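Student: A single structure is presented below for examination.
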Amino acid sequence: KKVLVLNGPNLGRLGSREPDVYGDTSYDDLVKRCERNGRELGFDVEVRQTDDEAELVGWLHSAADAATPVVLNPAAFTHYSYALRDACAQLTAPLIEVHISNPAARESFRHTSVVAGVATGTIAGFGMVSYDLALQALHDLHHR
Ligand code: DQA
């Protein structure tokens, strides 16, 4: 079963980006981690990252058409992109919103997620483990 793990802007710089907030795991290590965890759960996981809102919206359209479950870290788009929210609303399989940090414990502009209301659920604040939990959640949703 195919699963997409989609990452928004600046997440390609994980490892060097604000390590005090996001940890020192690199983006490449995140990709390997998701692929390995996915394999153990019987998923064929494809991990992507873009800084481009249009590209991310396009990936969501394809996921909607193919009924592919999505794990999405919308990064800063979380807080203001209605285009991203509208694309998420079209998904036909579960959507898990993930965050590495806990946005609720940070600046007030991070307290709003325009994506949360169209997600199946949200996992935030567990570092890279947030992605592990999201894949586990998709697996459990699929088997209940
Ligand atoms: C983030 C939190 C967002 O507020 C921020 O803009 C990011 C990363 C997270 O994973 O903690 O880029 O989505």
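The values are calculated or read from the model by the stated rules, or taken from the named source; none is laboratory data. Since the model is a prediction, treat every value here as computed from it, not as a measurement. Cβ: placed from backbone, ideal geometry, glycine included. Neighbour counts: every protein chain shown. These area figures cover heavy atoms from the full protein model, side chains too; ligands, DNA and RNA do not enter into them. Shrake-Rupley method; radii C 1.70, N 1.55, O 1.52, S 1.80 Å.
Student: Tell me whether region 91-103 contains one or more residues that are surrounded by 14 or more Cβ atoms within 10 Å (Cβ to Cβ), out of contact with any Ser or Thr (no Cβ under 6 Å at 6 or more places or on another chain) and over 24 Å from residue 136 (Cβ atoms).
Tutor: The answer is no; no qualifying residue exists.
Student: Within region 66-80, work out how many residues are part of a helix (DSSP H, G or I) and away from the ligand (no atom under 12 Å from the Cβ).
Tutor: The total comes to 1.
Student: Sticking with this structure for a sec: Which of the residues belonging to region 2-25 are charged (D, E, K, R) and on the phi > 0 side of the Ramachandran plot?
Tutor: 18 - this is the single residue of region 2-25 that is charged (D, E, K, R) and on the phi > 0 side of the Ramachandran plot.
Student: Just for region 104-132: of the residues that are among the β-branched types (Val, Ile, Thr) and closer than 23 Å to residue 142 by Cα, which one is surrounded by the fewest Cβ atoms within 10 Å (Cβ to Cβ)?
Tutor: 129
Student: Has region 18-30 got at least one residue that is touching a residue at least 24 places away in the same chain (Cβ under 8 Å), in a loop (DSSP other than H, G, I, E, B) and within 13 Å of the ligand (Cβ to nearest atom)?
Tutor: For region 18-30, residues touching a residue at least 24 places away in the same chain (Cβ under 8 Å), in a loop (DSSP other than H, G, I, E, B) and within 13 Å of the ligand (Cβ to nearest atom): present.
Student: Quick check: is even one residue across region 41-56 open to solvent by less than 30 Å² (accessible area, probe 1.4 Å), under 16 Å from residue 119 (Cβ atoms) and not in a loop (DSSP other than H, G, I, E, B)?
Tutor: So far as region 41-56 goes, yes, one or more of its residues are open to solvent by less than 30 Å² (accessible area, probe 1.4 Å), under 16 Å from residue 119 (Cβ atoms) and not in a loop (DSSP other than H, G, I, E, B).
Student: Let me ask something additional. Assess whether residue 67 counts as being open to solvent by less than 30 Å² (accessible area, probe 1.4 Å), in contact (Cβ under 8 Å) with a residue 24 or more places away in the chain and either under 30 Å from residue 143 (Cβ atoms) or touching a Lys or Arg at 6+ places or on another chain (Cβ under 8 Å) (or both).
Tutor: no
Student: Also, quick follow-up: With (1) within 16 Å of the ligand (Cβ to nearest atom); (2) touching a helix residue (DSSP H, G or I) at 6+ places or on another chain (Cβ under 8 Å) as the list, and residue 43 as the residue in question, which single condition is left unmet?
Tutor: (1)
Student: Next question. For region 1-17, name all the residues that are open to solvent by 40 Å² or more (accessible area, probe 1.4 Å) and either polar (S, T, N, Q) or part of a strand (DSSP E or B) (or both).
Tutor: Within region 1-17, 2, 10, 16 qualify.
Student: Checking the conditions here, which among 54, 89 is more than 24 Å from residue 20 (Cβ to Cβ), away from the ligand (no atom under 14 Å from the Cβ) and without any contact (Cβ under 8 Å) to a residue 12 or more places away in the chain?
Tutor: Going through 54, 89 in turn, just one is more than 24 Å from residue 20 (Cβ to Cβ), away from the ligand (no atom under 14 Å from the Cβ) and without any contact (Cβ under 8 Å) to a residue 12 or more places away in the chain: 54.
Student: Shifting gears a bit: With the requirement that a residue be more than 12 Å from residue 128 (Cα to Cα) and of a type in the set (Gly, Ala, Ser), what does region 1-29 give you?
Tutor: Those that are more than 12 Å from residue 128 (Cα to Cα) and of a type in the set (Gly, Ala, Ser): 8, 12, 16.
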